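Written below as structure tokens is the structure these notes are about.
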Amino acid sequence: MALNTRALGNVSVLDLQGRFDAHIAPAVIEWYGRLPTAQVVVNLAGVTFMDSSALAALTGGMKRCRQRGGDMRLYALQQPVQVIFELTRMYRAFEIFATEAEAVASFTR
Amino acid sequence: MAYADYALWKTTPIADEPYLSIVIPAYNEEVRIVPTIGAIASHVAGMGFPWELIIADDGSRDQTVALVKDLGFANLRLLCAETNGGKGSAVRRGILAARGRYILFDDADNSTPIEELDKLLPALEQQGYDIAVGSRAAGGAEEAHRTLLRRTLSGGLRLMVHHLFRIGVRDTQCGFKLFTRAAAHRLYAAQTIDGFSFDLEILYLAARLGYRVAEVPVTWIDAPGSKVDTTREVQRFLRDLLRIKWNDLRGVYARA
């Protein structure tokens, strides 16, 4: 599992690759704690599987962003992750976009 | 694969005999079972054959059964047990209920990604093996997050199993095994061990009955939250080794 972070203006971007599970979730949660902004976009294009720890990490991150006046957006869910979101009803909690540009632009609507 | 394949699989009962049955034993898996089912359904529905998924619950006291029922998948069968009989008993119930031409036993934590199925199927479909065993010990396997203790114990047990039991498979315990239906039904009908070591008994029987077994290297990720208590399970494993030998000496397996 690879985790990279970058900034696009006021938006912090988290790029994840591979299997997003309980091994990587603590690193993601720790990253939230260091964020300079409350606007976060998570790139799931390379994620092949997510377990409940990962889902909890995303939900926790979203709540944290909202408490600080921002939000979290997700984009580029691959089909296995899309199905997992559907079965766990997680798609109700997040705004999900096809591309990074759409996800970032959603903060300026 | 197209999402449409998955959508069709979950809503439309298959009319023919399944080409593949996937059996997942589950005990108190409310946290892990739904993402695992999602990953499996997403991948296998796109493989182009009819298949069924069997969740063999083992007397869970959490929300596992309710969560699985709530999915309402047309080709998912949920087998319930009133009491916790051990992982081996759950796998046996699932395997004996499976109707597929091939039957995969897979763990509920998705520690071997379902994509690894693509490596096991050709051994049975094209190479004439009766069983393909996912292996963390075969050349080319990838293991992640496995503790030194578990690696050391596994290595020691592998040597013992190989030399005392004449089982050629180096990794007997990986929860990712594919069988022909005939082999699976014959072997699991003869199974006597319901605990952690049931895999070993199945492979011992397979060797005894002359089934051809392929050991296929797979990727395996030690999933946090494993219910395996290493020390306790090693003790049980050693006890079960003796039990298997004793069973054989008493002729218990002669009827298999």
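The values are calculated or read from the model by the stated rules, or taken from the named source; none is laboratory data. Source: prediction; values computed, not measured. We place every Cβ from the backbone using ideal geometry, glycine too, and count neighbours over all the protein chains shown. All accessible areas refer to the heavy atoms of the entire protein, side chains included, with ligands and DNA or RNA removed. Shrake-Rupley method; radii C 1.70, N 1.55, O 1.52, S 1.80 Å.
Brief remarks on what is shown
- Only one entry of B:Arg255, B:Arg186, B:Arg250, B:Arg212 meets the criterion of being away from chain A (no Cβ under 14 Å) and either more than 30 Å from B:Pro18 (Cα to Cα) or open to solvent by less than 50 Å² (accessible area, probe 1.4 Å) (or both), and that entry is B:Arg250.
This table checks each residue for (1) part of a strand (DSSP E or B); (2) within 14 Å of another protein chain (Cβ to nearest Cβ); (3) buried (at least 17 other Cβ atoms within 10 Å of the Cβ); (4) free of Cβ contacts under 8 Å to residues at least 40 places away in the same chain.
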| residue | (1), (2), (3), (4) |
| --- | --- |
| A:Ala45 | yes, no, no, yes |
| A:Gly60 | no, no, no, yes |
| A:Lys63 | no, no, no, yes |
| A:Leu77 | no, yes, yes, yes |
| A:Val83 | no, yes, yes, yes |
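- Some residue of the stretch A:83-96 being more than 25 Å from B:Val44 (Cβ to Cβ) and in contact with a Pro (Cβ under 8 Å, 6 or more places away or on another chain): no
- Of all residues in the stretch B:4-13, one or more are more than 10 Å from chain A (Cβ to nearest Cβ), touching a residue at least 24 places away in the same chain (Cβ under 8 Å) and in a loop (DSSP other than H, G, I, E, B).
- Any hit, the stretch B:228-250, residues being of a type in the set (D, E, K, R) and touching a strand residue (DSSP E or B) at 6+ places or on another chain (Cβ under 8 Å): no
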